[in-house]
Structures are given as C-alpha cells and as structure tokens.
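Colleague: My questions will all concern the structure given below.
The values are calculated or read from the model by the stated rules, or taken from the named source; none is laboratory data. Note that the coordinates shown come from a computational prediction; the quantities given were computed from them, not determined experimentally. Glycine also receives a Cβ, built like all others from the backbone with ideal geometry; neighbour counts cover every protein chain displayed.
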Amino acid sequence: MDTLEAIILGAVQGLTEFLPVSSSGHLQLAKELMGVEIAENLTFDITLHAATVLSTIVVLWREIWRLLRGVFSRHFNAEQAFVLKLLLSMIPIGIVGLLLRDSIDAMLASDYIMIVVGAMLLLTAALLAFAYYARPRQKQEISYRDAFIIGMAQAVASMPGLSRSGTTIATGLLLGNDKSSVATFSFLMVLAPIMGEMLLQIVGGEFSASGIAAGTLAAGFVSAFAVGCLACKFMIEAVKRGKLIWFAAYCAAVGLTAILSYIF
C-alpha cells in the first residue's frame, strides 16, 4: 500500500465512520476495489479508528468538557445522569466484543464477506427508511431504558456492513428521542468502546508498525482525522434536518452492488 492509497482509505474511514453507511463495510469494499493488500491490516485499521476518535473529541469538545465538569459535582446532576446512560449503553457492545470478536474477525476474512456486507447495508437502508417515515412522539431526554436499547443496537451493528451510527441513530429516533440528542449520544457512546478495543489490541501485541511505513500510517491518520471532523459536523446537522432517507437510498444501492459483484 502506498501513501495515496492510505490517504484514500483514511478519507473513506473518516467519512463513513459518522455517515450512516457503515465504515467497516465501506473500508472493506474500498480495499477490494483498489486491490489493496496490507501486511499489517489490523494495525492500519486501529490507526484510522484512533483518528476518528480524535475527530469526535475535537468536534464535540464543548459537550465532552461540560460532561467532565459535571461528573465531579458532589450533587447528582444531569451531566452525571448522561454519563451513566453512556456507560449503560456500552454494556452490550462490551459483551459482544468479549464473546464474538474472533467470530467477527473470521467473517471479515471469509470468501463470502461481500455478501454479508451487502446484506447488512440493505438492512441499514431499511432501518434508516423506517426511522425517516415513522413519526413517534418526540422526547427531549434519553431515558435509561432507551440508552440500553440503543446500546443493544450498537452491539448488533458489530456485523460488517451494518452501520453503527445509522443503527443507533435510527433506533433512538424510533424510540421517540430528540434528533439532536440522539446524534450527540450516538457519537459519544462509541468513544470508550473504540478506545478500549484499541488498548486491548496494543496491550495484546496486535499493533505492530513493522509491516507498513510510518509515513503511510501518518498519511492515513491525517486523512481520516480531517475528513472525520467534517463528516461529524455534517452528520449532526443532517440528523437535525431529517435527511436520513438519502442515506437509505445510497446504502440500498451499494448493498445491491456488493451482492451482485460477488454473484457475477
């Protein structure tokens, strides 16, 4: 993999991490289309995820800083309640990560991965379309029950091709939560699981830069970070304005293309 390919893949990761179109699915599709073979595939993916985590922190730093200040208050407040809801939402993905990580990794390396990605993209499209046309009564605050259900949706979205942001945002909207609150909650709830996964991989010795040039890794990181910042801001506004149907149409088209490319 050369520097240009790293920049392109970084841009794909940064864009699709926040748009409801599945970052894992698109990264897999991009690698297949470009014919990229990465000796240290996991190392490169960890680097790109680190970049998107940083872009989330940069874009939502005011919200994160407000929560951090509120957490250390001696009296129970809205910020502490919000953090508890975030922690509650992380339980399902933690269980899936511990029990099914090897199975998911094996699926990613399988010959039929394009079928899986295509099918999950079609499911993403269906969820987004359903959330767009459904009109539940709006709630201003995400409840503990809703936080856990959204967390379960994130765990299901471990499937390659099933958009994490799309699944969690659609679930939150179908539960009747405020659009802006759902978008912010969706992006914040993934920070700890991604950072935890990265830490486990680094501690376990799975992160090794020996198979890829430092400059190439850096190019992918910068690309994913820059595009991720723009995509995060764009997606928050898109959810507020209820533009999810366009992403549903896109996911349906890409999903069908992925399935047909495998068949033919």
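Colleague: Could you count how many residues in region 119-149 are touching a Lys or Arg at 6+ places or on another chain (Cβ under 9 Å) and β-branched (Val, Ile, Thr)?
Modeller: 1
Colleague: Would you call Ala147 farther than 20 Å from Asp45 by Cβ, surrounded by fewer than 16 Cβ atoms within 10 Å (Cβ to Cβ), among the hydrophobic types (A, V, I, L, M, F, W, C) and modelled with pLDDT of 90 or more?
Modeller: The answer is no for Ala147.
Colleague: Suppose we keep only residues that are within 18 Å of Thr184 (Cβ to Cβ) and modelled with pLDDT of 85 or more within region 129-144. Which one would you say is nearest to the chain's Cα centre (by Cα)?
Modeller: Only one residue fits best here, namely Ala131.
Colleague: Sticking with this one: What's the number of the only condition in (1) surrounded by fewer than 20 Cβ atoms within 10 Å (Cβ to Cβ); (2) under 16 Å from Ser89 (Cα atoms); (3) at pLDDT 85 or above; (4) among the β-branched types (Val, Ile, Thr) that Thr168 fails to meet?
Modeller: Every condition holds for Thr168 apart from (1).
Colleague: Considering only residues of region 155-165 that are of a type outside the set (A, V, I, L, M, F, W, C) and surrounded by fewer than 24 Cβ atoms within 10 Å (Cβ to Cβ), which is nearest to the chain's Cα centre (by Cα)?
Modeller: Here the answer is Ser158.
Colleague: How about region 1-47: which of its residues are modelled with pLDDT of 80 or more, β-branched (Val, Ile, Thr) and not in a helix (DSSP H, G or I)?
Modeller: Val21
Colleague: When you scan region 61-165 for helices (runs of 4 or more DSSP H) that lie fully inside it, which ones turn up with 2 or more residues that are among the acidic types (Asp, Glu) and more than 22 Å from Ile245 (Cβ to Cβ)?
Modeller: Ranges flagged: 78-108.
Colleague: Kindly check whether there is at least one residue in region 57-68 that is under 18 Å from Leu230 (Cα atoms), of a type in the set (Phe, Trp, Tyr) and within 16 Å of the chain's Cα centre (by Cα).
Modeller: No; the residues of region 57-68 include none that is under 18 Å from Leu230 (Cα atoms), of a type in the set (Phe, Trp, Tyr) and within 16 Å of the chain's Cα centre (by Cα).
Colleague: Is it the case, given these coordinates, that Ala218 is exposed (fewer than 14 other Cβ atoms within 10 Å of the Cβ), among the hydrophobic types (A, V, I, L, M, F, W, C), more than 17 Å from the chain's Cα centre (by Cα) and part of a helix (DSSP H, G or I)?
Modeller: No, not satisfied.
Colleague: Considering only region 105-143, state which residues are under 24 Å from Lys85 (Cα atoms) and among the small types (Gly, Ala, Ser).
Modeller: Hits for region 105-143 are Ala131, Ser143.
Colleague: Continuing with this model, one more query. Restricting to region 158-192, what's the tally of residues that are charged (D, E, K, R) and out of contact with any Leu (no Cβ under 8 Å at 6 or more places or on another chain)?
Modeller: 2
Colleague: Restrict the check to region 51-74 and report whether at least one residue is hydroxyl-bearing (Ser, Thr, Tyr), on the phi > 0 side of the Ramachandran plot and in contact with a Gly (Cβ under 6 Å, 6 or more places away or on another chain).
Modeller: no
Colleague: Restricting to region 97-121, and then to whatever is surrounded by fewer than 20 Cβ atoms within 10 Å (Cβ to Cβ), under 17 Å from the mean Cα position of the chain (by Cα) and of a type in the set (A, V, I, L, M), can you tell me which residue is farthest from Leu173 (Cα to Cα)?
Modeller: Of everything passing the filter in region 97-121, Leu108 is farthest from Leu173 (Cα to Cα).
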